Amino acid sequence: MSERIERQNKRKKTGTGALGALALAGAGVAGGWIVYSATMIDHDLPLPLAINSEKHLFTGRISGLLNYYADESDGGRPLVLVHSINAAASSYEMRPIFDYYRDQRAVYALDLPGFGFSERSNRHYSPKLFSAAIADFLRDIVEEPADVIALSLSSEFAATAALEQPELFHSLTLISPTGLSDNIDKRGSQESPEKDNSQFLLNLFSFPLWSQALYDLLATRASIRYFLDKSFYGAPDEGLAAYSYLSAHQPNARFAPLHFISGKLFTPDVLTEVYEKVNVPSLIVYDQDAYTTFDALPDLLLRNPGWSAVRITPTRGLPQFEQMEALARVVNNFWKRAGAG
């Protein structure tokens, strides 16, 4: 009996020692990456223009210094493009739409706070900040009702701006919007409400010792390529991948994305509190998307007759790169209906 107990104790000691060794090894790897991030990674790479057009700066009323691209040579009703939110987001995501329409009408692309050439300071990033930036831009720069196209999570910000200030919008188009997933019930609330951990996560991710190193893991070329692979039916656009890496390696580039991965930038009950109440002509363009689903879309179309939806297939969230002609046909038809209405 004593021998068996002794063998068990030896196994426990061996197991504890192995776990301790693994923990030390993990801490060593993490510490090494933190040092590598701080000393070997360039966080101020040269950043070219995301769009080959004039670049302008203005100061939003609460959103700080904002950058936008503009081509006003053809006049007409303005078209305003709003990129998505992710670890390496930029107006390059909207470049195919900008280039397609720049010879037909006035086109603008806005860098949201924390991205591109807009202010990237260490501050509180929130849905209110982003929707205010869109509204400020439409009111103070565009100065007339515009056709607005927003991508992914930024759809929530654009829809909020349209709900609060519909006079700024002629129409609203959302490409692969968030807020319509199967974790939202028919009234827009979470099926199984849990404690909001977003502030805890933000505090954890933003801890000064490792916040830059953590972000650098998300912003490696391999990581950017991995996430882009999920958004393309075919091969990812090489220009977008290259620009995303450069944009993610700018001073203060981590602050807005860390709010995003913490969950701080999603609007609670956006389906019922925003989408169902929007009162401007609105279109949803969708197909497959690795990061969201559209289960609640049929209910939205029933509850708000101002919405329509068109599926462009095969795409995975970025139809402007793989199906630009099809996207143009869809939005052109929508704008004609909106104008007639």
Residue in the stretch 280-296 that is outside any helix (DSSP H, G or I), open to solvent by 50 Å² or more (accessible area, probe 1.4 Å), within 24 Å of Phe232 (Cβ to Cβ) and charged (D, E, K, R) present = yes
Given (1) over 21 Å from Tyr125 (Cα atoms); (2) surrounded by fewer than 19 Cβ atoms within 10 Å (Cβ to Cβ), where does Phe266 come up short, assuming only one miss?
-> (1)
Taking Arg311, is it open to solvent by 30 Å² or more (accessible area, probe 1.4 Å), among the basic types (Lys, Arg) and under 21 Å from Gly239 (Cβ atoms)?
-> no
Within the stretch 183-209, restricting to residues that are assigned to a loop (DSSP other than H, G, I, E, B) and open to solvent by less than 90 Å² (accessible area, probe 1.4 Å), the one that is modelled with the lowest pLDDT is Gly188
Counting only residues that are without any contact (Cβ under 8 Å) to a residue 12 or more places away in the chain, aliphatic (A, V, I, L, M) and in a helix (DSSP H, G or I), how many does the stretch 215-261 have?
-> 2
Do we have Ser90 as touching a helix residue (DSSP H, G or I) at 6+ places or on another chain (Cβ under 6 Å), at pLDDT below 95 and among the polar types (S, T, N, Q) here?
-> no
Examine the stretch 141-156 for a residue that is at pLDDT below 95 and open to solvent by less than 60 Å² (accessible area, probe 1.4 Å), and state whether such a residue exists.
-> no
Any pair with Cβ under 7 angstrom, 6 or more apart, that starts in the stretch 266-287 at a residue that is on the phi > 0 side of the Ramachandran plot and ends at one that is open to solvent by 30 Å² or more (accessible area, probe 1.4 Å) and in a loop (DSSP other than H, G, I, E, B) | Asp269/Ser189
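Among the candidates Arg95, Arg123, single out the residue that is open to solvent by 10 Å² or more (accessible area, probe 1.4 Å) and closer than 26 Å to Glu322 by Cβ. Before the answer, list the steps.
Working: Arg123 fails: closer than 26 Å to Glu322 by Cβ.
On inspection, the qualifying residue turns out to be Arg95.
The values are calculated or read from the model by the stated rules, or taken from the named source; none is laboratory data. Remember, it's a predicted structure, so these values are computed and weren't measured experimentally. Cβ sites come from the backbone with ideal geometry, for glycine too, and all protein chains shown count toward neighbours. We work out accessible area using only protein heavy atoms, side chains counted, and drop any ligands, DNA or RNA first. Shrake-Rupley method; radii C 1.70, N 1.55, O 1.52, S 1.80 Å.
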